[in-house]
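Asks: Here it is: the structure, laid out below.
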2 protein chains.
Amino acid sequence: MSSTIPPGTAEAGAISPQELLLAARNHGMPLEALAYDVTPVGMHYLLIHYDVPRVDASSWRLEVDGHVAHPLSLSLDDLRARETVSADITFECAGNGRALLDPRPISQPWVLEAVGTGTWTGVPLAALLADAGIGDGAVEVLFTGLDRGVEGEVEQAYQRSLPLADALADDVLLAFGMNGGPLPPQHGFPLRLVVPGWYGMTNVKWLSRITLLDEPFTGYQNARGYRFRRDPDEEGTAVTRMAVRSLMVPPGIPDFGTRRRFAEATAQVIEGRAWSGAGAIESVEVSDDGGATWQAANVEPASGPHAWQRWTFDWRPGAAGEYELCCRATDSVGNRQPADPPWNLGGYANNAVQRVPVAVA
Amino acid sequence: MSSTIPPGTAEAGAISPQELLLAARNHGMPLEALAYDVTPVGMHYLLIHYDVPRVDASSWRLEVDGHVAHPLSLSLDDLRARETVSADITFECAGNGRALLDPRPISQPWVLEAVGTGTWTGVPLAALLADAGIGDGAVEVLFTGLDRGVEGEVEQAYQRSLPLADALADDVLLAFGMNGGPLPPQHGFPLRLVVPGWYGMTNVKWLSRITLLDEPFTGYQNARGYRFRRDPDEEGTAVTRMAVRSLMVPPGIPDFGTRRRFAEATAQVIEGRAWSGAGAIESVEVSDDGGATWQAANVEPASGPHAWQRWTFDWRPGAAGEYELCCRATDSVGNRQPADPPWNLGGYANNAVQRVPVAVA
């Protein structure tokens, strides 16, 4: 398999062999799993830049170093002995919706499935950094994973930094558990970062080192990847928190090959989830005519401040025919999903309304 | 997203939007997971024709009916109270390798990742059928899942039949457990069929009914889907047992966007797995020159009669440059993987040798 389409460009044509290789190994959450408060392991989305490392927990250590008073070296047992917390937290890949853009940015070709909610268990990062003693002048915290690869012709471990104030937020966790069990290998065993409200690339997996920096990190994933730009030569702006979004469980039943949906002409409940990195969900609206008219859905409370919110809508298709179901959410600070996709070269944060054609008979 | 490429045809061009929708929800096993004897939940491949049903185990029943003396209706507790067995069993999708065919049959566009090994726990089917009393003249056993959809313009529950003699093999299980826990929803909760040695479509998930038939089943998945044919009008022959295959963990590290591999010019161990539905693995050979020359790998015993076998190979790349690593297995009855893909309209059983280009520096 070969292709002449390089990453970092956009393409109006069909999916390339490289994009297919990415799609075959990374996986989305089938949208019927929006019915679960907490996504079962194996249905939660996964985006893995390089290979899943196989980590021996008995020899693994977390190093905390850089601009700190007391560098730390901690075993998994050391971390488990600390005060732990658990929370339901929704993750979404920054590239969710990328394959619906035109032209399509070349990378993991997500349609709409790059989302999931886990019950994450671990230790608050702020308390650990307090133990290490944050040095005066520290401005960022750098997280380094054990996964290695090449990106933009740079060989690298996967590394992302956070501004110090964001890293010290009291809901930021170093998680060693998911959904009541240990972290599965593909979710970062033995330890990963969890930053509620931010897009998934923030949550560094297979964490091996936390480094306090006294100047901003200039590595690939912050300075070149995950930036909003329309031209490769722009500096761009950082991708950070999740844009407001709602998704529905597609009604009816699918055709295997075409994924077309067929539903009955009877009253039925449409259900879905909505979330935003900027606050709670204020409202969800549903349309069955492609967005020409909208009606309010019933939005339920979340299981925690960083978990998606369930919504339901009593749909009464009037007659047999073709419908286009859409949903759009508005968050508590007034952000609403747009009708048309916002475009950028990385294909990030496309939170345009979901459109589900349904044949009613 | 729309496309003019219908399922059931083949296409020389790039991946269609419908194929991408399939690739986004079904998922392969990242090949580095070949390093595990038992594939962790969430890394095992999944091929789901319709939607994952959400099943209430407290009201769920397994019905055993048709050509039997004593129809049965069993709860999950009834099944758990029976004598149970556990075994490591390798599954592979019949369509694994489909996207490497030219022209490419239109369906789930697997590259090479549609494989995994689970520890499956459940009750032997033969003992259950003996309790029901198999009627004289029964010829097939039909398995019906709770998942519904449309395929080939036929609305259907997912159903597959097995010849009676195959269903009565002493290693066929009705499984309610995977890898030490309950079945995850996406693997068929609360109960699925497990038929060792056969391609994955045999292992009906979300099982609700087992029906003894006194004539062969003529439903879609046996009579139209999963048949070897080169022309849509042929009757074709049934897809049954897994062809012999070996796969390797790609050496070195990947480029995120291109998936190109980079390795160091030092001695290193290549590892992989091999399996066959026709018997044990007799040998695995490795080539680093695209199949021009081959050397024997070391093949280890399996953890059970139906689990893949680990193999290792000491690779000593002579110098920096471009290599093409290949592996091929031969099973105990003499089947060997071909150099070139066998082609059929469904894209089934493409067991051609894996080819992994590696840049050594």
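The values are calculated or read from the model by the stated rules, or taken from the named source; none is laboratory data. For clarity, every value in this text was computed on a predicted model and none was experimentally measured. A quick note on method: Cβ atoms are made from the backbone with ideal geometry, for glycine too, and the neighbour counts reach across all protein chains shown.
Asks: Mind checking whether some residue in the stretch B:50-59 is surrounded by 18 or more Cβ atoms within 10 Å (Cβ to Cβ), farther than 30 Å from A:Arg260 by Cα and assigned by TED's automatic domain parsing to the domain that holds B:Ser161?
Replies: no
Asks: Right, next: Over 24 Å from B:Ala24 (Cβ atoms), outside any loop (DSSP other than H, G, I, E, B) and not assigned by TED's automatic domain parsing to the domain that holds A:Gly118: does that describe A:Glu282?
Replies: Yes: the conditions hold for A:Glu282.
Asks: Quick one: count up the residues across the stretch B:158-169 that are under 20 Å from the mean Cα position of the chain (by Cα) and either in contact (Cβ under 8 Å) with a residue 60 or more places away in the chain or surrounded by fewer than 22 Cβ atoms within 10 Å (Cβ to Cβ) (or both). Steps first, answer last, please.
Replies: As a first pass, look at the stretch B:158-169 and keep what is under 20 Å from the mean Cα position of the chain (by Cα): B:158-163, B:166-167, B:169.
So of that shortlist, the ones also either in contact (Cβ under 8 Å) with a residue 60 or more places away in the chain or surrounded by fewer than 22 Cβ atoms within 10 Å (Cβ to Cβ) (or both) come out as B:158-161, B:163, B:166, B:169.
Qualifying residue count, the stretch B:158-169: 7.
Asks: Related question: Picking from A:Ala238, A:Ala223, A:Ala243, which residue would you name as being away from every other protein chain (no Cβ under 14 Å) and without any contact (Cβ under 8 Å) to a residue 12 or more places away in the chain?
Replies: Going through A:Ala238, A:Ala223, A:Ala243 in turn, just one is away from every other protein chain (no Cβ under 14 Å) and without any contact (Cβ under 8 Å) to a residue 12 or more places away in the chain: A:Ala223.
Asks: Counting just the residues of the stretch B:285-300 that are part of a loop (DSSP other than H, G, I, E, B) and of a type in the set (D, E, K, R), which one comes out nearest to B:Glu324 (Cα to Cα)?
Replies: The residue in question is B:Asp288.
Asks: Of these, B:Ser16, B:Ser59, which one is more than 12 Å from chain A (Cβ to nearest Cβ), of a type in the set (Ser, Thr, Tyr), on the phi < 0 side of the Ramachandran plot and out of contact with any strand residue (DSSP E or B) (no Cβ under 7 Å at 6 or more places or on another chain)?
Replies: Sole residue among the options that is more than 12 Å from chain A (Cβ to nearest Cβ), of a type in the set (Ser, Thr, Tyr), on the phi < 0 side of the Ramachandran plot and out of contact with any strand residue (DSSP E or B) (no Cβ under 7 Å at 6 or more places or on another chain): B:Ser59.
Asks: Taking the condition of being in a strand (DSSP E or B), under 17 Å from A:Phe262 (Cβ atoms) and not basic (Lys, Arg), how many residues in the stretch B:147-161 meet it? Spell out how you get there, then give the answer.
Replies: Step one: list which residues in the stretch B:147-161 are in a strand (DSSP E or B), which gives B:147-151, B:154-161.
Add one more test, that the residue is under 17 Å from A:Phe262 (Cβ atoms), and what stays is B:147-151, B:154-158.
Remaining after also requiring not basic (Lys, Arg): B:147, B:149-151, B:154-158.
Counting residues in the stretch B:147-161 that are in a strand (DSSP E or B), under 17 Å from A:Phe262 (Cβ atoms) and not basic (Lys, Arg) gives 9.
Asks: Now for a separate question. Do we have any residue at all in the stretch B:162-175 that's touching a Lys or Arg at 6+ places or on another chain (Cβ under 7 Å), under 16 Å from B:Gly225 (Cβ atoms) and part of a strand (DSSP E or B)? Write out each step before concluding.
Replies: If we filter the stretch B:162-175 for residues that are touching a Lys or Arg at 6+ places or on another chain (Cβ under 7 Å), which is where we start, we get B:175.
When the remaining residues are screened for being under 16 Å from B:Gly225 (Cβ atoms), the result is none.
No: the stretch B:162-175 contains no residue that is touching a Lys or Arg at 6+ places or on another chain (Cβ under 7 Å), under 16 Å from B:Gly225 (Cβ atoms) and part of a strand (DSSP E or B).
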